[in-house]
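> Have a look at this one before I ask anything.
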Amino acid sequence: MTTPRSSRLPEPDADELAHSERLLQHLRETIAAHGPMPFSQYMERCLYAPGLGYYSAGKTKFGEAGDFVTAPELGELFARCVVHAVQPVLALLGSEVDFLELGGGSGAFAEAALLALAENSVLPRRYLILEPSADLRERQRERLTAALPAGVMTRVAWLDRPPEENWRGILFANEVIDALPTTRFMIRNSEVYEEYVALDGEARLVRVDRPADALVAGAVRHVERDLGRTFEDGYRSEILPQLPYWMQAIAGSLEAGLMLFIDYGYVRREFYLPERQDGTLMAHYRHRAHNDPLHLPGLNDLTASVDFTALAEAGNSAGFGVATYLPQAHFLIAAGLQDIFEHAYEQAADDAARHRLAQQVKKLTLPDQMGERFQAMLLARGLPALPLPAELLAADQGGRL
Ligand SMILES: C[S@@+](CC[C@H](N)C(=O)[O-])C[C@H]1O[C@@H](n2cnc3c(N)ncnc32)[C@H](O)[C@@H]1O
């Protein structure tokens, strides 16, 4: 097991402690009634239990005052680059085209993207946001209503589930796959075990390993076959056995268009490095990363890196081909970051604004910031041509998958 570094974390206040205690009580009751829960179910409860989970209760989460900063929170350059990359596809698909954003967070991406789409005269028929958290949906609605002209706002709608009718357009998700509840597995005596969360004699949460079911064991063996090596005893990591089903659910009805996923992660052989003995799971609490997912449930964001080879496989099995795959810095540069930055710099009101823009570029692109840790993957289906900026196709590293 990992060594908690929780003693160095900031102390929660009384309200936060009471909140975490309520979720803890819910977890204890569930485990007492049904037995130990798979880690993926624990993570799902911690993030999304109605009114209690990290994303479903009213904590700040995003930005300087929250627990982490995402690329859209830094400013508008990121969204403008995404719009620049996908707008030829919007233009190609004509007037009946939709933009579907998964997991809209604070609404920062939707705001900047919609303003850029309007400026470039490529507004989609509808801008749909699929957001499981009722709390975040409300915050997105407030933000967008205040920031967007009424004519743009009328195109925005929220979905409870993926579209059932066939549609055409762009599906976009930044830092969503890393928030999908992940399965943790480990190898013992050459057999696959799954990590569960149980209670000890004093009703404290503890992690235990149990023999994996056929779905989890099959997914782990598939990865081993693909890597051409078996995991050694004691090796522990994450896997998303449900990813192909999830992909089918969110993208099954996208008959023509593009999906763009941006997230932190690796190709499979870098994800499952022999020396990465304890996986990629991280908890974030007020800008501190730590590795104890049982610490203060409900107050921490829990995430795992993305196996982009698995994402490509899931996309392929849903009928999509990888159009391009590359680190975020290369993606943004190929999507016109230089020109977009220069334009914003010229328009900036003062030195402080110009400084913020320069900082944004650094955070988005420097290798030790988001530039190399984050990857972008574009998947396409049903397009007669692939009208992406030539630089994006030229910078493709899909051969590494
Ligand atoms: C780390 S936040 C990223 C938010 C935003 N995209 C950004 O970049 O700032 C994860 C988001 O994904 C949402 N989410 C989690 N699971 C999801 C799912 N299955 N479908 C759609 N959104 C999901 C969360 O509620 C949250 O809005």
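The values are calculated or read from the model by the stated rules, or taken from the named source; none is laboratory data. None of these values were measured; they are calculated from a predicted model. Here the Cβ is made from the backbone with ideal geometry for all residues, glycine too, and neighbour counts use every protein chain on show. Side chains included, ligands, DNA and RNA excluded: accessible areas come from the protein's heavy atoms. Shrake-Rupley method; radii C 1.70, N 1.55, O 1.52, S 1.80 Å.
> Give just the number: which of (1) more than 21 Å from the chain's Cα centre (by Cα); (2) surrounded by fewer than 14 Cβ atoms within 10 Å (Cβ to Cβ) does Pro367 not satisfy?
Unmet condition: (1).
> Related question: What is the number of the single condition among (1) more than 18 Å from the chain's Cα centre (by Cα); (2) modelled with pLDDT under 95 that Glu142 does not meet?
The single condition Glu142 does not satisfy is (2).
> Moving to a separate point now. Looking at the structure I just gave you, is Ser253 hydroxyl-bearing (Ser, Thr, Tyr), farther than 21 Å from Ala380 by Cβ and open to solvent by less than 20 Å² (accessible area, probe 1.4 Å)?
No: the conditions fail for Ser253.
> Related question: Let me confirm something: among Leu136, Leu123, which residue is hydrophobic (A, V, I, L, M, F, W, C) and surrounded by fewer than 21 Cβ atoms within 10 Å (Cβ to Cβ)?
Sole residue among the options that is hydrophobic (A, V, I, L, M, F, W, C) and surrounded by fewer than 21 Cβ atoms within 10 Å (Cβ to Cβ): Leu123.
> Within segment 25-58, can you find the residues that are at pLDDT below 95, open to solvent by 10 Å² or more (accessible area, probe 1.4 Å) and within 12 Å of the ligand (Cβ to nearest atom)?
Once the filter is applied, which keeps residues that are at pLDDT below 95, open to solvent by 10 Å² or more (accessible area, probe 1.4 Å) and within 12 Å of the ligand (Cβ to nearest atom), segment 25-58 yields Tyr48, Tyr55, Ser56, Ala57.
> Still on this structure: Working only within segment 348-362, note down all residues that are open to solvent by 80 Å² or more (accessible area, probe 1.4 Å), more than 13 Å from Glu76 (Cα to Cα) and part of a helix (DSSP H, G or I).
Asp351, His355, Lys362
> Report, ordered by the first and then the second residue, all pairs with beta carbons closer than 6 Å, sequence separation of six or more or different chains, a first member in segment 165-182 that is within 12 Å of the ligand (Cβ to nearest atom), and a second member that is of a type in the set (D, E, K, R).
Within 6 Å, the pairs are Phe172/Glu101; Glu175/Asp263; Ile177/Asp263; Asp178/Asp263; Pro181/Glu44; Thr182/Glu238.
> Which members of segment 261-280 meet the condition of being buried (at least 22 other Cβ atoms within 10 Å of the Cβ) and outside any helix (DSSP H, G or I)?
If the condition is that a residue be buried (at least 22 other Cβ atoms within 10 Å of the Cβ) and outside any helix (DSSP H, G or I), then Phe261, Ile262, Asp263, Gly265, Tyr272, Gly279 are the ones that fit.
> I need the full set of residues from segment 139-172 which are polar (S, T, N, Q) and open to solvent by 80 Å² or more (accessible area, probe 1.4 Å), in order please.
Result: Thr145, Thr154, Asn166.
> Filter segment 87-133 down to the residues that are assigned to a helix (DSSP H, G or I), under 25 Å from Ala57 (Cβ atoms) and not hydrophobic (A, V, I, L, M, F, W, C) and list them by number.
Glu111
> Where residues in segment 101-118 are over 19 Å from Pro162 (Cβ atoms) and within 7 Å of the ligand (Cβ to nearest atom), which of them is surrounded by the most Cβ atoms within 10 Å (Cβ to Cβ)?
Only one residue fits best here, namely Ala108.
> Now, a different point. Give Glu191, Glu175 a once-over and let me know the one that is open to solvent by 30 Å² or more (accessible area, probe 1.4 Å), farther than 22 Å from Ala376 by Cβ, in contact with a helix residue (DSSP H, G or I) (Cβ under 9 Å, 6 or more places away or on another chain) and not small (Gly, Ala, Ser).
Every option except Glu191 fails the conditions.
> Still on this structure: Quick one: would you say Leu205 is open to solvent by 50 Å² or more (accessible area, probe 1.4 Å) and either over 30 Å from Pro387 (Cβ atoms) or under 23 Å from the mean Cα position of the chain (by Cα) (or both)?
no
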